[in-house]
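One structure is given below, encoded as structure tokens.
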Amino acid sequence: MSDNSAQTPNADLVSSAYSQALEVIAAVEPRVAEATRKELADQRSSLKLIASENYASPAVLLTMGTWFSDKYAEGTVGHRFYAACQNVDTIESLAAEHARELFGAEYAYVQPHSGIDANLTAYWAILAHRVEGPWLKNAGVKNMNDLSDADWEKLRHEFGNQRLLGMSLDAGGHLTHGFRPNISGKMFHQQQYGTNPETGLIDYDALRAKAKEFKPLILVAGYSAYPRRVNFAKMREIADEVGATLMVDMAHFAGLVAGKVFQGDEDPVPHAHIVTSTSHKSLRGPRGGFILSTEEYAPSVDRGCPMVLGGPLSHVMAAKAVAFAEARTPAFQTYSQNVADNAKSLAEGFLSRDAKLVTGGTDNHIVLLDVAKYGLTGRQAESALLDAGVVTNRNSVPNDPNGAWYTTGIRFGTPALTTRGFGHDEFDKVAELVVDVLSNTEAGVNKAGAPSKATYKLADGMADKVRGISAELLDKHPLYPGLELS
Ligand code: DSN
């Protein structure tokens, strides 16, 4: 079995801690305790292949359930808007120190509550640094309260009309990278870059040409569904050529950066001005966000709370400190390498069964399967797989004919099952099961008898068959082995 920090070295203690905690909860609202027990049972008995999910260690999970939750701590370490933040200062400093050391960053801000919060905070930090600061200087005032109403109007206009260039959603970018319906697409004058229609890969020359024409203030790199590595050195070159700030959203692949699978040009930290992330995906920490930046951007990033974010979740910052400490171990590096190796095994498993993959494969933790050849939409495929206990999520493929709701793709990720100890053979088996399910699913019709993008029919007996085979795999690699709830 590979490294697995979700294994439970203190299984008896953990069993007793959770059993007793659930008893305390049940005494107030038994249905919450019951749903919590059921969630563990469900996670234990399904193939979790959602690329953005993982299993945090009991140490990380337990850290979130404390009285730090009750503390307000707006501001930054040593500069709070609330009294009695000495212990929050301790855990926030620890989390930031671990993050800086783990990623080799000049500055770390661990307050964002999620990846979207981290991105919004970073955008405002870049605007503060690049627009507001110079603007106030030009206007000859230090404080915006001293601006005349007319100048304030002009500054507001400048703030809301800057240019942002990010990867399009259907090419694998995120909603917050300038997607029109998202706030990022509305607050910025945005353009999007895609991928080469032949290869599915980022075309850096085309991107450079677009950047030169558009001249964005912010170039966003990073992805949620692109199954390949990105050359961040090249991204920085392009940003520098057009005077843009390079922001990299590494939410998905932070674990591969922390685990040193992505190094050199593939490591965003030495190349970007600002890096945003979540802590709960491949990094295997608590649900939350964080930002890394150069010293130059640090004072603007620090204004995140309370200017953009609500009060920091101190209990989650404490859990980030624990998770980042875990990620600084050689065992985590082994885990991260396994995540990438397993993604290759999964991709090879699909390709050997004639499946079509976006970009033809993977070199990160994501595999994006195009399900059109099975006559299904992503939504139908996702539902049929779920019936068989295979938990995935539907995802657009480049220029998706079915749009962002029904989609034509299924996104797979290896971080969670790698945490359980799955290796090459297990992921090959997963590919076999998925292809089996999809090959035995038919698109359905709507109430009027017309073709539907949502309904489907999975062949009789298929769900039970796949669940049976999955159970054998899952039993060999238990989630939180030794954790038993009384
Ligand atoms: N929800 C995350 C994901 O699944 O990729 C990104 O927002």
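Of all lysines in the structure, those lying under 21 Å Cα to Cα from residue 38, and not within fewer than 8 positions of it along the same chain, are 48, 476. Each peptide in 208-220, 370-382, 409-421 receives the mean, over its residues, of other Cβ atoms within 10 Å, and ordering these scores from highest gives 409-421, 370-382, 208-220. Hydrodynamic estimate: the Kirkwood radius of the chain over Cα pairs, inserted into Stokes-Einstein at 4 °C and 1.567 mPa s, corresponds to D of 55 µm²/s. Applied to region 325-339, the Karplus parametrisation 6.51 cos²θ - 1.76 cosθ + 1.60 on θ = phi - 60° returns per-residue 3J(HN,Hα) values of 4, 4, 6, 8, 9, x, 4, 6, 5, 4, 4, 5, 4, 5, 4 Hz, with x for Gly and Pro. In the context of the full set of protein chains, region 115-207 has a per residue accessible area of 51 Å² (1.4 Å probe).
Just how many % of Cα pairs in region 145-264 lie over 21 Å apart, if you round to the nearest whole percent? In whole percent, the share of Cα-Cα pairs in region 145-264 beyond 21 Å is 42.
For the listed peptides 227-240, 189-202, a ranking on the average number of other beta carbons within 10 Å per residue, highest first, reads 227-240, 189-202.
Legend: residues 123, 72, sorted from most to least accessible area (1.4 Å probe; ligands, DNA and RNA excluded), read 72, 123. Taking every DSSP beta bridge with both residues inside the chain, roughly what % is antiparallel (nearest 5)? Approximately 60 percent, going by the DSSP bridge assignments.
Per residue, region 374-486 exposes an accessible area of 42 Å² to a 1.4 Å probe, with every protein chain left in place.
At q = 0.14, 0.16 Å⁻¹ the log10 of I(q)/I(0) for region 357-454 amounts to -0.52, -0.67, computed by Debye summation with a single uniform scatterer per C-alpha, solvent ignored. Apply the a/c threshold of 1.5 to the C-alpha gyration tensor of region 243-297 and tell me whether it is rounded, prolate or oblate. Oblate, because a/c is 1.5 or more while a/b does not exceed b/c. A Förster radius of 41 Å combined with the Cβ-Cβ distance from residue 24 to residue 209 puts the calculated FRET efficiency at roughly 0.10.
With a cut-off of 9 Å between beta carbons, the residues surrounding residue 80 carry a summed charge of -2, where Lys and Arg count +1 and Asp and Glu -1. For the chain, the relative contact order comes to 23 percent (Cα pairs under 8 Å, sequence separation of at least 6). Between residue 475 and residue 399, the contour length at 0.36 nm per residue exceeds the alpha carbon distance by 23.4 nm. For region 39-130, the Cβ-based charge dipole about the Cα centre amounts to some 100 debye (Lys, Arg positive; Asp, Glu negative; other atoms uncharged).
Each principal axis of the Cα atoms in region 206-335 has its own extent, and those three values, largest first, are 45, 38, 26 angstrom.
When peptides 244-250, 469-475 are sorted by average Cβ neighbour count within 10 Å, with the highest value leading, the order is 244-250, 469-475. Ellipticity at 222 nm from helices only: DSSP H runs of n ≥ 4 in the chain, each -39500 (n - 2.57), divided by the residue count, give -13000 deg cm²/dmol.
Using only alpha-carbon positions in region 29-124, the gyration tensor eigenvalues give semi-axes of 30, 20, 13 Å once each is multiplied by 5 and square-rooted (largest first). For region 53-156, applying the loop criterion from DSSP together with a ceiling of 14 other beta carbons within 10 Å to the trypsin sites (Lys or Arg not before Pro) yields 142.
The values are calculated or read from the model by the stated rules, or taken from the named source; none is laboratory data. Just so you know, these numbers come straight off a predicted model, no measurement behind them. Using ideal geometry, Cβ is built from the backbone for each residue, glycine included, and neighbour counts are taken over all protein chains shown. Quick note on the areas: whole protein, heavy atoms, side chains included, nothing else; ligands and nucleic acids left out. Shrake-Rupley method; radii C 1.70, N 1.55, O 1.52, S 1.80 Å.
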